[in-house]
Amino acid sequence: MEPGAAPDPREAASALIPELEAQERRLVLRAFTHDDAWHLGSLLVELARMRHAPVAVDIRRGPQQLFHFALDRATADNDAWIDRKRRVVERYAESSYLVGTRFRAKGTTFEESSRLDPDRYAAHGGSFPITVEGAGVVGTVTVSGLPQAEDHALVVEALERFIAAGRAGAATNGGGL
């Protein structure tokens with residue numbers, strides 16, 4: 001590439017895929033309870049507040065919403081984005097950012113090539129699978145309100161801290177997987 005030339009988007013996307021795949025392999029929980037959803041969601045809200053990030057946060061296990069909070073300056077549009085990104089994770093069992101990045105690495109977009117309704121699905125960063133050892137993907141954790149890479153990074157940081165603190169599966173509330 002010539003000095004000063006813009007990087008090829010396909011190459012940039014291809015280079016990002018191994019990192020995103022590694023995050024998903026690494027961020028696996030022992031269990032996931034209703035209390036875990038509360039603690040993870042509260043951690044995300046705390047991180048967002050420290051950054052003055054105008055985001056909405058949503059955590060689900062299967063079809064059940066366990067946590068939802070919208071910080072100041074988040075809007076109903078963020079809730080719509082949450083639903084669209086979450087549906088991508090539910091369909092592909094991978095983060096919405098990884099799914100979109102795979103399409104970009106092929107030189108196309110999710111909207112152009114997935115054959116899914118873009119009013120219902122958005123492969124933009126911010127929704128991450130909640131994966132439990134021995135059970136697979138059991139839910140989603142989603143953030144909306146920042147540029148997609150920042151939404152994704154906020155979720156990953158929260159999951160890393162949550163796991164490092166030994167929170168996953170530590171709650172005594174029934175309802176865990």
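Report, by chain and number, residues whose modeled amide H sits under 5 Å from the one on Ser127, excluding near sequence neighbours (fewer than 5 apart, same chain).
Correct list: Ser96, Tyr97, Val143.
Please report, to two decimal places, log10 I(q)/I(0) for the range 60-177 at q = 0.12, 0.18, 0.19 Å⁻¹ as given by the Debye formula with identical point scatterers on the Cα atoms and no solvent.
After summing over all Cα pairs, the log10 values are -0.44, -0.96, -1.06.
Set the Förster distance to 35 Å, then compute FRET efficiency between Arg26 and Asp79 from the Cβ-Cβ distance, nearest 0.05.
On the way: r = 29 Å, r/R0 = 0.82.
Once rounded, the FRET efficiency stands at 0.75.
Return the long-range amide H neighbours of Ser114 (sequence gap of 5 or more, or a different chain), with a cut-off of under 5 Å between placed amide H atoms.
none
If each DSSP helix of 4+ residues adds -39,500 (n - 2.57) and the sum is divided by the residues in the chain, what number results at 222 nm, nearest 500 deg cm²/dmol?
Details: 6 runs with 83 residues, N = 177.
When only DSSP H runs of four or more count, the value is -15000 deg cm²/dmol.
For the range 80-91, what does the Karplus curve 6.51 cos²θ - 1.76 cosθ + 1.60, with θ = phi - 60°, yield as ³J(HN,Hα) per residue in whole Hz, taken in order and with x for Gly and Pro?
5, 5, 4, 4, 5, 5, 4, 4, 5, 5, 5, 7
Using only C-alpha atoms and all pairs of different ones, pull out the Kirkwood radius for the range 71-127 in Å with one decimal.
Details: mean 1/r = 0.0874 Å⁻¹.
With all distinct Cα pairs of the range 71-127 included, I get 11.4 Å.
For the range 1-146, which whole-number percentage of the solvent-accessible area (1.4 Å probe, protein heavy atoms only) is attributable to carbon and sulfur atoms? Please list the in-between numbers first.
Working: 3660 of 7400 Å².
Percent of accessible area from carbon and sulfur atoms in the range 1-146: 49.
Going 7 Å from the Cα of Ile163 along its beta-carbon direction, which residues of the range 110-136 have the amide nitrogen within less than 18 Å of the resulting point?
The answer is 126-136, whose backbone nitrogens lie closer than 18 Å to the label point.
Heavy-atom accessible area of Phe69 with all protein chains present, probe 1.4 Å, nearest 10 Å²?
70 Å²
How high is the relative contact order of the chain, given as a whole-number percent (alpha carbon pairs under 8 Å, six or more residues apart)? Working shown, then result.
Working: 331 pairs, mean separation 54.4, N = 177.
Relative contact order of the chain: 31 percent.
Listed highest first by mean packing, meaning other Cβ atoms within 10 Å per residue, what order do 92-100, 36-44 come in?
Values: 92-100: 23.3, 36-44: 20.9.
Sorting 92-100, 36-44 by mean packing, highest first, produces 92-100, 36-44.
Considering only C-alpha atoms, what is the centroid distance from the range 1-64 to the range 90-119, in Å?
16 Å
Kirkwood hydrodynamic radius, the range 30-119, all distinct C-alpha pairs: what's the number in Å?
Values: mean 1/r = 0.0685 Å⁻¹.
After inverting the pairwise mean of 1/r, the radius is 14.6 Å.
Taking amide H atoms as placed 1.01 Å from N in the peptide plane, list the residues 5 or more away in sequence, or in a different chain, whose amide H sits under 5 Å from that of Leu29.
Placed amide hydrogens put Thr131, Val132, Glu133 under 5 Å from Leu29.
The values are calculated or read from the model by the stated rules, or taken from the named source; none is laboratory data. Bear in mind the structure is a predicted one, so any value in this text is a computation, not a measurement. All Cβ positions, even for glycine, are placed from backbone atoms using ideal geometry, and neighbour counts span all protein chains on display. When the accessible area is computed, the model is the full protein with side chains, heavy atoms only, and any ligands, DNA or RNA have been set aside. Shrake-Rupley method; radii C 1.70, N 1.55, O 1.52, S 1.80 Å.
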